Amino acid sequence: MRHLKRKIKKKNIRDADDTEAVDDILFEEAFHIVKAFLELATRNTLDELQAFTNTYVPPPYWAECVPVTIPLPCCNKAADILIDWFGPEQIKQVVGGSKWWQVRGLEGVQAEWIAMKRDWDKLRKAEKKAKRSNQGVGKVHPHFSDRLDNMNKVVFYIHGG
(Lines give C-alpha, C1' and ligand atoms only; values in the text may rest on other atoms or scores of the structure.)
Protein backbone atom coordinates (compact mmCIF):
# COMPACT_ATOMS: atom_id res chain seq x y z
CA MET A 1 0.00 0.00 0.00
CA ARG A 2 2.81 2.43 0.86
CA HIS A 3 4.43 1.72 -2.49
CA LEU A 4 1.20 2.53 -4.29
CA LYS A 5 0.75 5.72 -2.26
CA ARG A 6 4.25 6.90 -3.17
CA LYS A 7 3.68 6.00 -6.79
CA ILE A 8 0.48 8.06 -6.88
CA LYS A 9 2.23 11.05 -5.29
CA LYS A 10 5.16 10.82 -7.71
CA LYS A 11 2.94 10.71 -10.77
CA ASN A 12 0.78 13.48 -9.33
CA ILE A 13 -2.38 11.95 -10.72
CA ARG A 14 -4.92 14.67 -11.27
CA ASP A 15 -7.66 13.47 -13.60
CA ALA A 16 -10.55 11.30 -12.43
CA ASP A 17 -10.01 8.46 -14.91
CA ASP A 18 -6.56 7.67 -13.50
CA THR A 19 -7.84 7.85 -9.91
CA GLU A 20 -10.64 5.40 -10.72
CA ALA A 21 -8.08 2.98 -12.13
CA VAL A 22 -6.05 3.19 -8.91
CA ASP A 23 -9.21 2.70 -6.82
CA ASP A 24 -9.99 -0.41 -8.88
CA ILE A 25 -6.51 -1.79 -8.15
CA LEU A 26 -6.93 -1.18 -4.41
CA PHE A 27 -10.38 -2.79 -4.46
CA GLU A 28 -9.01 -5.79 -6.32
CA GLU A 29 -6.17 -6.21 -3.81
CA ALA A 30 -8.61 -6.01 -0.89
CA PHE A 31 -10.92 -8.49 -2.61
CA HIS A 32 -8.08 -11.00 -3.08
CA ILE A 33 -7.01 -10.66 0.57
CA VAL A 34 -10.55 -11.36 1.80
CA LYS A 35 -10.94 -14.23 -0.67
CA ALA A 36 -7.64 -15.79 0.50
CA PHE A 37 -8.73 -15.51 4.14
CA LEU A 38 -12.07 -17.17 3.41
CA GLU A 39 -10.33 -20.01 1.57
CA LEU A 40 -7.98 -20.43 4.54
CA ALA A 41 -10.94 -20.35 6.92
CA THR A 42 -12.70 -23.21 5.12
CA ARG A 43 -9.63 -25.47 5.44
CA ASN A 44 -9.03 -25.03 9.18
CA THR A 45 -10.86 -25.88 12.37
CA LEU A 46 -12.75 -23.29 14.38
CA ASP A 47 -10.15 -23.48 17.15
CA GLU A 48 -7.35 -22.71 14.67
CA LEU A 49 -9.28 -19.75 13.26
CA GLN A 50 -10.00 -18.34 16.71
CA ALA A 51 -6.33 -18.68 17.64
CA PHE A 52 -5.36 -16.90 14.42
CA THR A 53 -7.81 -14.03 14.85
CA ASN A 54 -7.03 -13.71 18.56
CA THR A 55 -3.43 -12.64 17.96
CA TYR A 56 -2.28 -9.36 19.44
CA VAL A 57 -2.09 -6.50 16.96
CA PRO A 58 -0.04 -3.57 18.23
CA PRO A 59 -1.64 -0.15 17.88
CA PRO A 60 -0.30 2.16 15.19
CA TYR A 61 2.36 4.70 16.21
CA TRP A 62 -0.15 7.58 16.05
CA ALA A 63 -2.63 6.01 18.49
CA GLU A 64 -2.63 5.82 22.27
CA CYS A 65 -4.46 2.84 23.79
CA VAL A 66 -5.49 2.51 27.42
CA PRO A 67 -6.62 -1.04 28.25
CA VAL A 68 -9.47 -1.47 30.74
CA THR A 69 -11.60 -4.33 32.03
CA ILE A 70 -15.36 -3.92 32.25
CA PRO A 71 -16.29 -5.69 35.51
CA LEU A 72 -18.79 -8.56 35.46
CA PRO A 73 -21.48 -6.70 37.46
CA CYS A 74 -21.55 -4.03 34.71
CA CYS A 75 -21.72 -6.74 32.01
CA ASN A 76 -24.58 -8.45 33.83
CA LYS A 77 -26.48 -5.18 34.24
CA ALA A 78 -26.02 -4.42 30.52
CA ALA A 79 -27.27 -7.92 29.65
CA ASP A 80 -30.38 -7.40 31.79
CA ILE A 81 -31.07 -4.07 30.05
CA LEU A 82 -30.71 -5.67 26.60
CA ILE A 83 -32.99 -8.57 27.51
CA ASP A 84 -35.63 -6.18 28.89
CA TRP A 85 -35.38 -3.93 25.84
CA PHE A 86 -35.64 -6.71 23.26
CA GLY A 87 -38.12 -8.89 25.16
CA PRO A 88 -38.07 -12.71 25.30
CA GLU A 89 -39.26 -13.35 21.73
CA GLN A 90 -37.09 -10.81 19.97
CA ILE A 91 -33.95 -11.75 21.94
CA LYS A 92 -34.32 -15.29 20.55
CA GLN A 93 -34.48 -13.92 17.00
CA VAL A 94 -31.62 -11.46 17.44
CA VAL A 95 -29.01 -13.56 19.27
CA GLY A 96 -30.58 -16.99 19.69
CA GLY A 97 -31.58 -16.75 23.33
CA SER A 98 -30.79 -14.91 26.53
CA LYS A 99 -28.23 -17.14 28.25
CA TRP A 100 -25.43 -18.46 25.99
CA TRP A 101 -23.88 -15.07 25.20
CA GLN A 102 -23.65 -14.19 28.88
CA VAL A 103 -21.26 -17.03 29.77
CA ARG A 104 -17.88 -15.51 30.57
CA GLY A 105 -14.84 -17.24 31.99
CA LEU A 106 -12.96 -14.06 32.87
CA GLU A 107 -13.26 -11.34 35.52
CA GLY A 108 -14.89 -9.10 32.95
CA VAL A 109 -14.75 -8.01 29.33
CA GLN A 110 -11.54 -6.51 27.95
CA ALA A 111 -11.80 -3.09 26.30
CA GLU A 112 -9.61 -0.18 25.23
CA TRP A 113 -9.89 3.58 25.13
CA ILE A 114 -8.24 4.65 21.87
CA ALA A 115 -7.29 8.23 21.01
CA MET A 116 -4.85 10.04 18.77
CA LYS A 117 -1.43 10.29 20.37
CA ARG A 118 -1.18 13.97 19.44
CA ASP A 119 -4.43 14.66 21.33
CA TRP A 120 -3.00 12.97 24.44
CA ASP A 121 0.18 15.02 24.07
CA LYS A 122 -1.77 18.30 23.69
CA LEU A 123 -3.80 17.48 26.78
CA ARG A 124 -0.68 16.62 28.82
CA LYS A 125 0.97 19.91 27.80
CA ALA A 126 -2.15 21.90 28.71
CA GLU A 127 -2.33 20.13 32.08
CA LYS A 128 1.34 20.86 32.80
CA LYS A 129 0.85 24.51 31.86
CA ALA A 130 -2.24 24.78 34.09
CA LYS A 131 -0.39 23.12 36.94
CA ARG A 132 2.55 25.53 36.62
CA SER A 133 0.29 28.57 36.55
CA ASN A 134 -1.63 27.06 39.50
CA GLN A 135 -5.04 27.80 37.98
CA GLY A 136 -8.13 25.87 38.98
CA VAL A 137 -9.30 25.51 35.37
CA GLY A 138 -7.56 22.71 33.52
CA LYS A 139 -6.16 21.09 36.63
CA VAL A 140 -4.29 17.81 36.30
CA HIS A 141 -6.65 14.86 36.47
CA PRO A 142 -5.29 11.82 38.28
CA HIS A 143 -7.52 9.38 36.39
CA PHE A 144 -7.43 8.90 32.62
CA SER A 145 -11.24 8.84 32.21
CA ASP A 146 -11.38 12.52 33.20
CA ARG A 147 -8.85 13.22 30.47
CA LEU A 148 -10.95 11.40 27.90
CA ASP A 149 -13.88 13.72 28.59
CA ASN A 150 -11.74 16.61 27.30
CA MET A 151 -10.92 14.96 23.95
CA ASN A 152 -12.91 15.26 20.75
CA LYS A 153 -12.02 11.96 19.07
CA VAL A 154 -12.06 8.91 21.33
CA VAL A 155 -13.10 5.33 20.63
CA PHE A 156 -14.14 2.83 23.27
CA TYR A 157 -13.44 -0.57 21.71
CA ILE A 158 -14.92 -3.60 23.48
CA HIS A 159 -13.27 -6.95 22.72
CA GLY A 160 -16.28 -9.21 22.42
CA GLY A 161 -18.38 -10.61 25.19
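The values are calculated or read from the model by the stated rules, or taken from the named source; none is laboratory data. Quick caveat, the model's predicted, so the values are computed rather than measured. So basically every Cβ, Gly included, is an ideal-geometry build from the backbone, and we count neighbours across all protein chains shown. Calculation scope for accessible area: heavy atoms of the full protein, side chains included, ligands and nucleic acids excluded. Shrake-Rupley method; radii C 1.70, N 1.55, O 1.52, S 1.80 Å.
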* Could you list all residues from the stretch 116-161 that are modelled with pLDDT of 75 or more, open to solvent by 80 Å² or more (accessible area, probe 1.4 Å) and assigned to a loop (DSSP other than H, G, I, E, B)? => 152, 153, 159
* **Which listed residue is touching a His at 6+ places or on another chain (Cβ under 9 Å) and small (Gly, Ala, Ser), from 79, 63, 111, 130** => 111
* Applying the selection to the stretch 77-115, what residues are polar (S, T, N, Q), over 21 Å from residue 154 (Cβ atoms) and open to solvent by 70 Å² or more (accessible area, probe 1.4 Å)? -> 90, 93
* What number of residues within the stretch 88-121 satisfy the criterion of being of a type in the set (Asp, Glu) and over 30 Å from residue 66 (Cα atoms)? -> 1
* Kindly establish whether residue 61 is open to solvent by 100 Å² or more (accessible area, probe 1.4 Å), within 30 Å of residue 156 (Cβ to Cβ) and in contact (Cβ under 8 Å) with a residue 12 or more places away in the chain. => yes
